[in-house]
Amino acid sequence: VSAAGAAATTAVAAAPIITATSVKVNVSMPEAAARAAATGADGVGLLRIEHLIIGMNKTPGWYIKNNKEEEFISELYNGIKTVLDAFRGKPVWVRTIDSPTDEFRNMAGGENEPDEHNPMLGFRGIRRDLRQIDQLRIQAACFKRLWDAGYDNLGIMFPLVQHPREFIAAKEAFRSWGIDVDNRVLGIMVEVPASAIIIDEFIKAGINFCSFGTNDLVQYTLAVDRNNGLIGDMYEPEHPAVMRLIASCIEQCREAGVECSICGQAGSDPKFVKWLVNQGIASVSSNIDAIQKIRETVAKTERQILLNAALKKN
Ligand code: PEP
Ligand code: MG
């Protein structure tokens, strides 16, 4: 057999599936960056940094109190950089710290964490960062260093936002630390029903994107603790109230040209993703192991939408 003949009989690798809806991946640890990038995902729709910080074994407050901010900034920098390097040229949305206080309790500095009756509804996410502004400042210092190093694919996502003034305050704080916020990508998690209900106000406030954190959005919309097995059967992403909130957000974002995405667990569920694509969501972000199935689901749903439109025309 000639060389050409041998080549002709070699199996051809399947063509990558191209979709109009971006299919991104969720990453929780820098160690998973290479595996996440190997899926061919269109970017990172959620980079959680809590594991990185818990791995440092000291609370952000400890670094601030002990004048060791540089140590915190460079550890966070290296962790995020690993993911940005694996996704060069693709967007990576890093979420600011979202640990509830009880998760910080066993670390150095954890003795200073407030004791809360209900940490999930308390001192976490953007609300904590705005009240302990130094905690936001040291994260921002790390982001600024990455932007200054040329990582333009870095976007920042603020968690547990419930009013546009929180987004505006965070943006103003970034500006006061010398960050050119007008040329950077900043967005919010939509995981509190309030922010879904007034998404138009967030659009006016200048968000560049939003992403449904359905893990929390479901628990807060339905008043069902996401970690309480006693009422696990009531934890329903497909509850009509949740779906109505999501559908309305997608529509308003689509009209305003703001990227609307999902990074909660429902974004790894093919049935839910099929519905989201039919609503016109711009991107979805799934767990690493779900990416292939989700990409197939998105492609199939898009084909069906096109086909339905063509048949209707004829
Ligand atoms: C969510 O709430 O859906 C989410 C992605 O955030 P976390 O699960 O980290 O609260
Ligand atoms: Mg959440």
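Throughout, read-outs are computed from the coordinates displayed, never taken from laboratory work. If you're wondering where the values come from, they're calculated on a predicted model, not measured in any experiment. Quick reminder, even Gly has a Cβ in these numbers, built from the backbone with ideal geometry, and neighbours come from all protein chains shown.
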Open item on the list: Using the basic label-point model (7 angstrom from Cα toward the beta carbon), what is the Ala20 to Ile198 distance in nanometres?
Closed with: 3.3
TODO: Report, for the chain, the % of DSSP beta bridges that are antiparallel, rounded to 5.
DONE: 0
Task: Candidate lysines - alpha carbon under 27 Å from Lys171, same-chain residues fewer than 8 apart omitted - done: Lys24, Lys58, Lys65, Lys68, Lys81, Lys90, Lys144, Lys204
- [ ] Compare Ala194, Ala282, Ala41 in a GNM of the chain, Cα atoms joined below 10 Å, and give the one with the largest fluctuation.
- [x] Ala194
Task: Cysteines, the chain, no other Cys beta-carbon under 4.7 Å - done: Cys142, Cys210, Cys249, Cys263
Open item on the list: With θ taken as phi - 60° and the coefficients 6.51, -1.76 and 1.60, list the Karplus ³J(HN,Hα) couplings across the stretch 119-126 in order, rounded to whole Hz; mark glycine and proline as x.
Closed with: x, 5, 9, x, 8, 8, x, 4
- [ ] Can you check what the net charge comes to around Gly187, using other residues whose Cβ is under 12 Å from the Cβ of Gly187 (Lys, Arg +1; Asp, Glu -1)?
- [x] +2
Open item on the list: What distance in nm lies between label points placed 7 Å from Cα along the C-beta direction at Lys90 and Glu50?
Closed with: 2.4
Task: Nearest-ten-degree value, helix 270-279 long axis tilted from longest Cα axis of the chain - done: 90
TODO: Distance from a point 7 Å along Cα→Cβ of Leu130 to each backbone N in the stretch 63-100: keep the residues under 20 Å and list them by number.
DONE: 94-100
